[in-house]
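This report refers to the structure that appears directly beneath it.
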Amino acid sequence: MRLILLICFSLTAMADDWSAIIRRIPIATVIEVRMLTGPEQLAEVVSVGKADIVLRIKAVSATYARKEIKRIRIDTRPTRGRNTAVGAAIGITIGALLGTKAGEGGPQYLGLAGGLIGTAIGSILPTGGWKTVYTAP
């Protein structure tokens with residue numbers, strides 16, 4: 001289901017629909033923008049209008065017309081803290097299950113060890129990435 005939503009979102013994002021950009025990018029979001037001339041830059045969204053967007057790039061705000069923008073991408077990576085918490089929860093659960101299966105005389109530290117291992121794995125695994133929300137026609 002998630003894959004279907006992602007495909008639908010991607011197809012919609014490629015459409016020339018500036019009004020969808022207004023709804024999709026909240027104020028103060030950090031985006032990656034590529035102008036028709038120049039390299040990609042990270043910018044903070046100050047405001048989005050019907051025909052332009054105001055961006056803050058390196059502490060300087062400037063207004064860019066829609067026709068000047070080649071592509072806009074947003075960061076979809078979740079925070080590292082969330083990954084760490086999920087990894088710890090999975091590790092503790094697996095460790096506790098293994099400790100329970102080991103029985104009375106088995107190691108009782110498996111829940112803690114599993115939590116530590118899961119925390120480490122969750123904190124280093126990358127997820128998400130940049131998603132294109134606007135491409136110039």
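The values are calculated or read from the model by the stated rules, or taken from the named source; none is laboratory data. Quantities reported herein were computed from a predicted structural model and do not represent experimental measurements. Glycine also receives a Cβ, built like all others from the backbone with ideal geometry; neighbour counts cover every protein chain displayed.
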Query raised in the report: Would a scan of region 74-93 turn up a residue that is in a helix (DSSP H, G or I), at negative phi and among the hydroxyl-bearing types (Ser, Thr, Tyr)?
Result: yes
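Return yes or no: is Tyr109 aromatic (Phe, Trp, Tyr) and modelled with pLDDT under 80?
On the way: aromatic (Phe, Trp, Tyr): yes; modelled with pLDDT under 80: yes.
Here the answer is yes, as Tyr109 does meet what is asked.
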Report summary line: Checked against (1) in contact with a Lys or Arg (Cβ under 8 Å, 6 or more places away or on another chain); (2) polar (S, T, N, Q); (3) crowded, with 16+ Cβ neighbours inside 10 Å, Thr84 satisfies every condition except (1)
Report task. Considering each residue of region 27-53, count those that are among the small types (Gly, Ala, Ser) and either under 16 Å from the mean Cα position of the chain (by Cα) or at pLDDT 90 or above (or both), and give that number. Result -> 2
Requested in this report: Mind counting the residues in region 22-55 that are in contact (Cβ under 8 Å) with a residue 24 or more places away in the chain, surrounded by fewer than 13 Cβ atoms within 10 Å (Cβ to Cβ) and assigned to a strand (DSSP E or B)?
Outcome: 1
Report task. Answer yes or no: is there a residue in region 73-80 that is at pLDDT 85 or above and either of a type in the set (D, E, K, R) or more than 19 Å from the chain's Cα centre (by Cα) (or both). Result -> yes
